[in-house]
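Undergrad: Below is a structure I'd like to ask you about.
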Amino acid sequence: MQEQGLAALEKARGETAALRNLANAARLVEDNPALMQLRLLQSLGETSGNTVVLGMSAPGGVLPVHGKPAEKPVSESPVRLSDDLPPAD
C-alpha cells in the first residue's frame, strides 16, 4: 500500500513539473512571439524535403532574386527558398 502511495506521489510530482515547464514555455512565447517562428524553422531544419517561404520586405518593396533585381514588388513576387532551386550565379 505504501509503495502505491509513493508511486502516485512521484507521478503527481512529474505531472506538476511538466505543467510548470509548459507554463514557462507559454510565457516565453507570449513575451517573445519570434521564438515560435525560430522553433518552427529549427524543426524544419532537422528534416529534409521541406520548402520554406519567408515573407520579407525591402526598400522600395522589391527584393533581388539570385543576384538579379526583382521586377515586381515583393507582395506580388515572393522569394521561395528550397533545396531544388538552382545555385545563384
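Values in this text are rule-based calculations from the coordinates and carry no lab data. Here the structure is a predicted model, which means the values were calculated and not measured. FYI the Cβ positions are ideal-geometry reconstructions off the backbone, even for glycines, and counts take in every protein chain you see.
Undergrad: If each Cα of segment 1-48 is one equal point scatterer, what is log10 of I(q)/I(0) from the Debye formula at q = 0.30 Å⁻¹?
TA: -0.97
Undergrad: What dipole magnitude, in Debye to the nearest 20, does segment 1-48 give about its Cα centre under +1 on Lys/Arg Cβ and -1 on Asp/Glu Cβ?
TA: Here the size comes out at about 60 debye.
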